[in-house]
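Only one structure is covered here, and it is reproduced in the block below.
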């Protein structure tokens, strides 16, 4: 099992929607972590399992208040709460000002997220919504602990150019001159495109060719459908058959491809339920 970090280079391409959608259909037990230092969105767009609002003080904020004394992986569950639908979440910080409380703790958090895979008490994968990342982003310190970093991008030419450059910069930062066993264990970098379903196959092949030609070390993992209606259903703003939405159907395809390609290495069993959206 693994830590999967999801991020973007610039703008708002749909990182949170992608992270929630993948977590909702993930085939093993999963903990969704909102680690965007600019602040989380789920307390505003989603409800708790009991029907009321999510508690903004239980999650990354409560971790910031207690983790200076250390954080065992299984303690993450003390700060999690179930969303409507049953997905467990560490809700994000209320604002960028709160991020100061986690200064110096991001590497420890990354270690705890990754170690949850092997915890004897509630083992799970962690999908971390890292928001926008750059050279000075504190959440970049999570990434060396991730098994897979997914960069989310829309398909406009300027966005594709930026994700290509960000992938190359991340590969240099994370991998450097690694050789031998270190190279085999290094963090993988993938790209997930948010695309119109009718054009996703064509644009996926084109972007993958660009990444290969640029020698970024990254590959396109798949495409998430640009589906505003499905996103509204996922956030609870609209009624409908979420499991039949283009968003969830495409998320299920991406999730399946990730686990087919990398799942053998993440195969340690975990207790508990898998994703929350019916198959």
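The residues listed here are 136, 118, 209; of these, the one that is free of Cβ contacts under 8 Å to residues at least 12 places away in the same chain, surrounded by fewer than 20 Cβ atoms within 10 Å (Cβ to Cβ) and within 24 Å of residue 67 (Cα to Cα) is 136. The test for being at pLDDT below 90, surrounded by 17 or more Cβ atoms within 10 Å (Cβ to Cβ), in contact with a helix residue (DSSP H, G or I) (Cβ under 8 Å, 6 or more places away or on another chain) and closer than 23 Å to residue 224 by Cβ does not hold for residue 189. Can you tell me which residues in the stretch 44-73 are in contact (Cβ under 8 Å) with a residue 40 or more places away in the chain and surrounded by 16 or more Cβ atoms within 10 Å (Cβ to Cβ)? Across the stretch 44-73, the qualifying residues are 45, 46, 47, 60, 61, 63, 64, 67, 71, 73. Among the residues of the stretch 258-272, is there at least one that is in contact with a strand residue (DSSP E or B) (Cβ under 8 Å, 6 or more places away or on another chain), closer than 23 Å to residue 118 by Cβ and modelled with pLDDT under 80? Yes, the conditions are met somewhere in the stretch 258-272. Search the stretch 16-63 for residues being assigned to a loop (DSSP other than H, G, I, E, B), touching a strand residue (DSSP E or B) at 6+ places or on another chain (Cβ under 6 Å) and under 13 Å from residue 86 (Cα atoms), and hand back the single one that is modelled with the highest pLDDT. Ranking the candidates gives 54 first.
Applying the set (1) over 19 Å from the mean Cα position of the chain (by Cα); (2) without any contact (Cβ under 8 Å) to a residue 60 or more places away in the chain to residue 257 leaves exactly one unmet item: (1).
The values are calculated or read from the model by the stated rules, or taken from the named source; none is laboratory data. Just so it is clear, the structure is predicted and the values come from calculations on it, not from any experiment. So basically every Cβ, Gly included, is an ideal-geometry build from the backbone, and we count neighbours across all protein chains shown.
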